[in-house]
Structures are given as structure tokens and as C-alpha cells.
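Where a number appears in this text, it was derived from the coordinates with a stated rule and is not lab data. This structure is a prediction, so every number in the text was calculated from the model and none was measured. Note: ideal-geometry Cβ built from the backbone for every residue, glycine included; neighbour counts use all protein chains shown.
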């Protein structure tokens, strides 16, 4: 005849059940936290992309091939693959397991009761009074962390913005009031323009830690004592500039797109220095469209 589980055996079975439920609960909490953080990161990235899209839809570049700020359509997720559906199913399973474990011993069938060692009222079938005592008592303390999940582009965007806001050096206004150069000539303009190559694009930026297209030209010419406005449209109409024919253009002139969506500093041979778009940096590149005109800054 099969030997019935002793009191210690019954205690160990109960502990194993509790530990199994504890492990499942921990995994469920970790998964829920990861999914929550993932959703938060996706929402943050969508908000940032929305700001960029709003700006560049208002001021589209003249070359459709190099259009910026266009966000690709998000593929439709099938119903059964949605995070919310899977989370609901997992939580329903956990609730069922919790309710099952919480049932009293006599709610189990006779076969389950015999195998697990539980008896009605804590008395074995043989009539021996057996008390079930837990071998150990564990107190669970769950502490949610403050970590999060972000994409590489979002981390870079936040880093650039923090560096920009934390800048304590000279601004365009400071440089214009105390210029580093006296004469406005092509060689010196290109020298200053090249100095800012590699500075990250920051929408609305006009500091050495972050620049957009008009903020870049504003900062460059501020070193010559000329403070241009921070706007492509305003710079094209500023009294410090005059329009020149392309055949008369020389390095150091400003390239302005015909639709006033972008600008840069002409470097000669069809190249110009410019701050292209979010996620990019100030660089020397070919003029990507034929729809532009040239202006020259004068003292």
C-alpha cells in the first residue's frame, strides 16, 4: 500500500506551491513594468517626431528626395499581437491561479487531496491528527525602480537638448558686441564656418552646442560683428545682405532656398556648410537643389 505523505511532506508541498506562485507573480510584475516603460518610450518618441514633423511640414525643403520630418506610417498590429490584449490574457491567467491556490483543501478532488497531502480539517484519512506547519515564512517587498527604456535617437535628442540648455559660454549677441574678426572676407568666413562642423542640430539653436540652419549663419557672422536675425525669411530681408547673381557668387555668401525653407554658407564648387535637420550635425555638403539664390553679407 502506498505510503501517505507525512506532515513534513505536506508542508513542503504547500511551500512549493507558494514559491511557484511567488515566482510567477515576480515575472508578471517585471513584464508589466517593462511593457509600461516601452509604451512610455514610444509615446515620448512619437511626441518628439510630431514636433519635428510640424516644423518641417510648415517649412518643407525644396528637394522632395531629401525631405525631412516625414514620419513613416506605423504598421497596423494584428489584434492578437497587441500588447494590451496579451497583457489582459496574462493577468486573467494569474487571477485564475491566485483563486485556485486560495481555495481550501476540501475544495480539491479526492485524488488531488491525496497526492498533495491536504485533508479536510487538517486530519489525514487514517485519522491521525496532523498539523501543517510552514518551514519558513517569507516577507516579500517589491520596490519599483525608476529605470526606463528609450530609443537611441531619443537619448541623443535629450542629450543634445540638455547640453544646449546647460551652455554657459558666449552667445551670438556677445560675439557681435565684441567680434573676433574685423574684416569680412571669404577666407575668414569659411574658417569660422568650418569651426562649427559637427555641432548637433537643435531646433531653434543658435549656440555652439546646438544649431539650426538660420542659427548657424547668425552665429558665424556674429564673430564679424554682424548680428543677423534668427530666421531664414528675416535674414533674406535684412539690411546687412544684398542679393548677388550666381555667376558672381563667392565663398562666404549665404545660400537661401527659393521657398525660404533652408539656408547655408557657400563654400564654392557647388558645396555649402549647413545645419541640415534633426538627428544630423553641421557639415559640408553639396547644395541639394537648384532652387536657390545667393546673398552677400555686407558691413
Between residue 243 and residue 284, 0.36 nm times their residue separation minus their Cα-Cα distance comes to what?
12.5 nm
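With a 10 Å Cβ neighbour count serving as the proxy for reagent exposure, in which order, fewest first, do 206, 33 appear? Provide the component values of the computation, followed by the final result.
Details: 206 20, 33 15.
In increasing order of surrounding Cβ atoms, one gets 33, 206.
So between residue 269 and residue 29, what do we pick up on full extension, going 0.36 nm a residue minus the alpha carbon distance?
Working: separation 240, 0.36 × 240 = 86.40 nm, distance 6.06 nm.
The span from residue 269 to residue 29 would gain 80.3 nm if fully extended.
Between residue 37 and residue 58, what FRET efficiency follows from the Cβ-Cβ distance if R0 is 30 Å, with the result rounded to 0.05? Don't jump to the answer; show the numbers that get you there.
Working: r = 32 Å, r/R0 = 1.08.
Rounded to the nearest 0.05, the efficiency is 0.40.
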Which order do peptides 192-200, 242-250, 34-42 fall in by mean Cβ count within 10 Å, highest first?
192-200, 34-42, 242-250
Cα gyration tensor shape of the range 154-299, rounded if a/c is under 1.5, else prolate or oblate by comparing a/b with b/c:
oblate
By how many nm would the segment from residue 293 to residue 174 grow when fully extended, if each residue of separation counts as 0.36 nm and the alpha-carbon distance is taken off?
39.9 nm
Determine the distance separating the Cα centre of the range 201-216 from the Cα centre of the range 151-169; give it in Å without decimals.
12
Which value in nm describes the separation of the simple spin-label points at residue 234 and residue 165, placed 7 Å from the Cα toward the beta carbon?
2.3
Neighbour counts of other C-beta atoms within 10 Å: give me 221, 181, 288 arranged from fewest to most.
181, 288, 221
